[in-house]
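**Student:** Sharing a structure with you now.
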Amino acid sequence: MDLGDIDDVEKLLLGPSGFSSLSLGCTNEEEGTTALVDRLKEENANKGTPSKSVVMFDVKPADGDTNLSTMEETVRRVNGGTGLVWGPSKRIPIAFGIHKLRIVSIVDDSVPVEELIEHIQSTHEDLIQSVDIVAFCAL
């Protein structure tokens, strides 16, 4: 399942203002819905798979010296079972030359997102300060 470009996913989940809106883009009736959600819903329905959600995470580095490429590789190696697929990502400046990683994933409802976040943070404390959910949209 291909999510495409991170900027398109951000516009879909966060809206044109860039701020999270729980209703924006989550249903076909909402203004601002793009073909991406329709395509993902269709793929999900055709496969007869469990319900899925698109989750956008912000992963903040432990300090300013953390290598974001290494941090991203570490996050992508985390496997929540067969129900987790990592999608596109990008680096976003925070302040003073420090960047955070924004990464999108598709998760089955069988994957406990809170446990996934705890696992990422606790097993990689040397690289990762925190993991936050930016947007969560059921498909």
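**Student:** According to a simple spin-label model (label point 7 Å from Cα along Cα-to-Cβ), what is the distance in nm between Asn67 and Ser130?
**Tutor:** The two pseudo-label positions are separated by 2.6 nm.
**Student:** On to the next question. Under a plain spin-label model, where a point goes 7 Å from the Cα along Cα-to-Cβ, how far apart in nm are Ala138 and Glu115?
**Tutor:** Here the answer is 2.0 nm between the modelled labels.
**Student:** Just the Cα atoms of segment 72-139, one point each, no solvent: what log10 I(q)/I(0) does Debye give at q = 0.12, 0.15, 0.20, 0.21 Å⁻¹?
**Tutor:** -0.32, -0.50, -0.89, -0.98
**Student:** How do Ser51, Ser105 rank when sorted from fewest to most other Cβ atoms within 10 Å of their own Cβ?
**Tutor:** Ser51, Ser105
Read the figures in this text as sums done on the coordinates, not as results from a lab. Remember, it's a predicted structure, so these values are computed and weren't measured experimentally. Neighbour counts run over all protein chains shown; Cβ positions are idealised from the backbone, glycine included.
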